[in-house]
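The values are calculated or read from the model by the stated rules, or taken from the named source; none is laboratory data. As the structure is a computational prediction, the values presented were derived from the model and not from experiment. Note: ideal-geometry Cβ built from the backbone for every residue, glycine included; neighbour counts use all protein chains shown. What goes into the accessible areas is simple: the full protein's heavy atoms, side chains included, and nothing from ligands, DNA or RNA. Shrake-Rupley method; radii C 1.70, N 1.55, O 1.52, S 1.80 Å.
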Amino acid sequence: MQATRILPDLQCSLVCEDVRQEANGNLILVGVVTVIRVPQLPIMVGRLMIFNRWTAGIGQFHESTRLIAPDQTTVLQKGEVKFELREPAHFAINVLPFASVKLETAGTYYVEVLVDDVMKLRYPVLVMHTPMPSQATATEKPPVA
């Protein structure tokens with residue numbers, strides 16, 4: 001008996017500044033985000049890209065990816081896409097753009113990735129308030145000894 005549907009595995013999920021495609025078809029992930037450092041809060045982030053790679057499944061699926069605020073209930077952005085895997089050895093790459101993301105406070109935000117309403121991964125993205133040095137401090141010369 002051959003399986004007609006197997007829920008896929010999420011091989012990876014990364015937050016990036018951009019995803020580009022080379023002439024040979026390979027993807028380039030630009031600015032993989034480990035921490036989002038911002039000079040002020042609140043702030044509007046122009047664009048974040050969520051790169052998800054699925055494998056080891058069979059069937060048609062519905063992916064839902066969400067960015068959750070530090071209160072762990074407010075959904076700031078949500079992206080959805082349908083995809084298909086015909087054999088377990090196949091893979092699907094979904095890139096979801098989150099545009100004009102408003103970050104209200106510093107803290108731990110979360111990316112949640114679901115397939116057919118089953119949570120596959122939830123991971124933190126830290127937002128840090130890092131003020132720019134003041135003009136006076138930046139132009140001061142160090143004391144001469």
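Annotation note: of Ile58, Ile68, Ile36, the sole residue that is surrounded by 16 or more Cβ atoms within 10 Å (Cβ to Cβ), in contact with a strand residue (DSSP E or B) (Cβ under 7 Å, 6 or more places away or on another chain) and over 22 Å from Val19 (Cβ atoms) is Ile58. Candidates in segment 119-139 are the residues that are in contact (Cβ under 8 Å) with a residue 40 or more places away in the chain and farther than 27 Å from Leu27 by Cα; of these, the one that is most open to solvent (accessible area, probe 1.4 Å) is Met132. Checking Leu96 against (1) surrounded by 15 or more Cβ atoms within 10 Å (Cβ to Cβ); (2) without any contact (Cβ under 8 Å) to a residue 60 or more places away in the chain; (3) under 19 Å from Leu126 (Cα atoms): exactly one of these is not met. Which one? It is condition (3) that Leu96 fails. Here the condition is being in contact (Cβ under 8 Å) with a residue 40 or more places away in the chain and within 18 Å of Ile6 (Cβ to Cβ); of Thr105, Thr55, Thr65, it holds for Thr55 alone. Can you tell me which residue is nearest to Gln77 (Cα to Cα) among those in segment 13-29 that are in a strand (DSSP E or B) and open to solvent by less than 40 Å² (accessible area, probe 1.4 Å)? Per the criteria, the residue is Val15. Residues that are open to solvent by less than 60 Å² (accessible area, probe 1.4 Å) and over 24 Å from Ile6 (Cβ atoms) within segment 75-92 comprise Leu76, Gln77, listed in sequence order. Exactly one residue out of Lys120, Lys78 is of a type in the set (Lys, Arg), at pLDDT 95 or above and under 14 Å from Trp54 (Cβ atoms): that is Lys120.
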